[in-house]
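Since every read-out is calculated from the coordinates, none of them should be taken as a lab result. Just so you know, these numbers come straight off a predicted model, no measurement behind them. Positions of Cβ are generated from backbone atoms using ideal geometry, with glycine treated the same way; all protein chains shown enter the neighbour counts.
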Amino acid sequence: MADPMADLPPTGLPPLPKIDGDFDLMLDVYTHNSLRFSNTPMNNDYGDTQRLGELGSKVLDLTVTYHLYSIRPFLSAEEIQQRRVHITSDTNIDDWLKSYGLKTKLRLAPGDIHLLDNLEEMRKFFHIYIGALYIRNGLSTIQTWISRLIDPDVDIKLPNPLPQTEHQGQPQPPQMQSFGQQAYGQQAYNGQQVYGQQAYGQQAGYHPPAPIQGGFGSYSSPSSQMGSPYTAPLPPGSPPPLPGSPPTVPMPSAALSLVTLALVNQTAAQRGLQVTYPADQVGPPHQPTWTVRCCMNGQEYGRGVGKSQKIAKEEAARQAWASMGWGPS
């Protein structure tokens, strides 16, 4: 029986994912190094296209490997290796670039047009494109695309590490927790910000008192906690213990600043939500103001305003992340 992946079809390819709403990034992706000055400073967001290419190379290997890993009946590790080498060959990558018309969009110095026929250079270009897709659209988009490039009849989806519940995708109110179980708390410990379920007292060897039995779950009264002894002294220079019951506040701004556009897109895809970013621009062309909305299945959950579309889009995505209640738990 012939291997369905032995010859990848040059036509009938799946739609090419677009780099989501970032004109500056797209311009960089389609500009060859032959047109760059040697001392060009790195972009504050992603660095340069060489970094994107290194990232894209690993993402391509990962998505192809996961596709082959998911095939039934199982392929051996050696078979996965062999097929991945074939699928990601220079010839296949060059064919994909031609079929999608990407080679015609690449800008090169006049004396370097011949590089369009250089398979190694075209592989680098493809990796750069995938790296840019990854930081803007997330892994799920790339996995679906690459899997359909390999086999149009197979729909491979990333595993969802999050438990599926009937309330998934809806904002959940923060839960009141005891001093040693803060979920959203932010503590300063020896000059460092600490997030997660480690409260300050735990780090110093503090054991929280037993919770009051009653209708408040694990909530302990401030008086009972403040009266409990420490099992070990606090480190020198440490701040005093926090109150027994942390306020129910949203995710700290410092933690929210770590949320990326790719993380929002990937989390939404894992929950079966379609994300769109409608954008509006006002003001003169040399000094525009962008307003971008982050919509899940057509409903707005976040809005950002900035001097560039990218800044506004990232802010909208972070607001949507907080609105959907996707913080740590």
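For an R0 of 51 angstrom, estimate the FRET efficiency from the Cβ-Cβ distance between Thr65 and Asp112 and round to the nearest 0.05.
E(calc), rounded to 0.05, equals 0.95.
Can you give the Kirkwood hydrodynamic radius for the stretch 253-323, in Å, rounded to one decimal and based on Cα pairs?
Taking the inverse mean of 1/r over all distinct Cα pairs, the stretch 253-323 comes out at 12.2 Å.
Given 25 °C and 0.890 mPa s, how large is the Stokes-Einstein diffusion coefficient of the stretch 23-150 in µm²/s, with Rh as the Kirkwood radius over Cα pairs?
Diffusion coefficient, whole number: 158 µm²/s.
Please compute the Cα-Cα pair-distance distribution of the stretch 70-133 with 10 Å bins starting at 0, giving whole percents from short to long.
Calculated over all Cα pairs of the stretch 70-133, the distribution is 19, 42, 25, 11, 3, 0 percent.
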